[in-house]
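J.: One structure follows; several queries about it will come next.
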Amino acid sequence: MGASTIFSGSLSLRLLGFAGGTIALALAVAWAVLGIVFERHAERQLEAELERHGLALIAAATIDPLGLPQLEQRPFDPRFERPASGLYWLLAAPGGELRSRSLWDGKIELPENRRGSGWLSSSSAGPFEQSVMIVERTIQPDHGGPKLRIAVAADKTPLNAARAEFERETAIFLAALWGLLALAAWVQVRMGLRPLAAVRDELALMSKAADARLKVPAHPAEIRPLTEAINQVANQRTDDIIRARQRAKNLAHALKTPLTALRLQIEALPPDQARDMMHSLSLVSGAVESELARTGLKEAKGSTPANRVVERVSEVIRRTPAGQKITLHRQLPSDLRLPMSEETSLELLGALIENATRHAKETVTISGGADQGSIWISIEDDGPGIPEHLRSAALERGGQLDDRSGSHGLGLSIAQDLVNASGGMLTLQDSAKGGLSVRLFWP
């Protein structure tokens, strides 16, 4: 995996990489500039020292009648007396030269075509060293007399060594400084990307609640365009879902009347002809009823008295042929409320109680309660039940009409969708009476 792939996959690594690189480049430039500044400062110090020696020579220099330079008092610095010591002076007059003992048999290359009357500095190859700094000046000791050229030179090797040592120590310091700045950049990146973590948390809430949206004013100005775009996409998606559900609901309602008429026509046919047609019609009717139930998922949340819903469903069930053969037992607290709208509650409990009634032998029991802040309802029958290995198939999403082998009637998968939409869970268990127990639970 290349560095470009790593950086492209992480915004934090990309920012840290850019910060570390730019900081390193800036410190490298600073290191080079500091070395140059130090060298120039050291050269100015050396130049000032050589000028002081030159002034001492000027004070003691004369020219004799033969044009030879003379010194009334030689400089005190002992390096001038030690051969090849690295510190030299030279007096040049028309009649000859006078040089320090340290210069010995060496030679200082003085620049030609000198201009100006003050001190001039230059660098040249030294008499015994690779390079020396030369400070020189031309004076006229006597008015109208010959001119005297005074030069003082010093070895630049100590200066170069001092710069190398300074650069080494500076490099160590700047490396430690880079580490501190990189740590500060890491903290800055972490703090700077924290608003994106808040966006991620709010997006997680949006996945749980369809009407949840990002809080645009709560985010920094740089993040607000992103949050506004996400909210706009969410609104458009919600509108698309509402329109799709409405179209599906309209279509399902439009099909119900023709299907009812078709059912009446089929029932008028002889039983041997009507059986297969009625089975096919039941599949289509089940699909229509399922679609009507699914279009109500958005309005699933609310609060409805459980007893009122169960009573209304029971009144309808008792009028059906299957309901006249069984006994419905209701064991619900008077204040129990379902966290669903009344329409959704009727759809949910109606399908489950009707299923239990069709498969029960004698009794169906609807019980419920509220324990430690949770709500539950159980619908039990004494019918054949559903084998445990088929229960997950009975609740599978995608079956509009639940005609699977061993299923417990129409609508279990739809009932599960309705319960999930209201924040609850649906489970299938063995009933104490030997049949199936459908348990609804809302935490």
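The values are calculated or read from the model by the stated rules, or taken from the named source; none is laboratory data. All values derive from a computational prediction rather than experimental measurement. Every residue, glycine among them, receives a Cβ derived from its backbone with ideal geometry; neighbour counts consider all protein chains shown.
J.: Can you tell me which residues in the range 195-209 are surrounded by fewer than 11 Cβ atoms within 10 Å (Cβ to Cβ) and under 9 Å from the mean Cα position of the chain (by Cα)?
T.: ALA197
J.: To continue, here is another question. Condition check: of a type in the set (Phe, Trp, Tyr), over 60 Å from the mean Cα position of the chain (by Cα) and surrounded by fewer than 18 Cβ atoms within 10 Å (Cβ to Cβ). Does PHE76 satisfy that?
T.: The answer is yes for PHE76.
J.: A further question follows. Pairs needed: first member in the range 126-153, without any contact (Cβ under 8 Å) to a residue 24 or more places away in the chain; second member anywhere, among the acidic types (Asp, Glu); C-beta distance under 8 Å; at least 6 residues apart or different chains.
T.: none
J.: Condition first: in a loop (DSSP other than H, G, I, E, B), in contact with a helix residue (DSSP H, G or I) (Cβ under 6 Å, 6 or more places away or on another chain) and at pLDDT below 85. Can you find one or more residues in the range 331-342 that meet it?
T.: Checked the range 331-342: at least one residue is in a loop (DSSP other than H, G, I, E, B), in contact with a helix residue (DSSP H, G or I) (Cβ under 6 Å, 6 or more places away or on another chain) and at pLDDT below 85.
J.: Between a first residue in the range 37-49 that is surrounded by 11 or more Cβ atoms within 10 Å (Cβ to Cβ) and a second residue that is polar (S, T, N, Q) and in a helix (DSSP H, G or I), which pairs have beta carbons less than 6 Å apart while being 6 or more apart in sequence or on different chains?
T.: From the range 37-49, no pairs qualify.
J.: Please verify whether the range 137-152 includes one or more residues that are assigned to a helix (DSSP H, G or I) and either within 43 Å of the chain's Cα centre (by Cα) or on the phi < 0 side of the Ramachandran plot (or both).
T.: No, the conditions are met nowhere in the range 137-152.
J.: Further, regarding this structure: Within the range 354-377, count every residue that is under 17 Å from THR427 (Cβ atoms) and either crowded, with 20+ Cβ neighbours inside 10 Å or touching a helix residue (DSSP H, G or I) at 6+ places or on another chain (Cβ under 6 Å) (or both).
T.: Qualifying residue count for the region: 6.
J.: Name the pairs: first residue in the range 220-232 and free of Cβ contacts under 8 Å to residues at least 40 places away in the same chain, second residue surrounded by 15 or more Cβ atoms within 10 Å (Cβ to Cβ) and of a type outside the set (D, E, K, R), Cβ to Cβ under 6 Å, at least 6 apart or on different chains?
T.: So the pair list comes out as PRO220/PRO195; ILE223/PRO195; THR227/LEU214; THR227/HIS219; ILE230/LEU214; ASN231/LEU214.
J.: If you check ALA198, ALA182, ALA204, which single one turns out to be assigned to a helix (DSSP H, G or I), over 29 Å from GLY17 (Cα atoms), out of contact with any Ser or Thr (no Cβ under 7 Å at 6 or more places or on another chain) and of a type in the set (A, V, I, L, M)?
T.: Exactly one residue qualifies, and that residue is ALA204.
J.: Please find, within the range 367-393, the residue that is nearest to the chain's Cα centre (by Cα) out of those that are modelled with pLDDT under 80 and under 17 Å from VAL419 (Cβ atoms).
T.: Ranking the qualifying residues of the range 367-393, first place goes to SER392.
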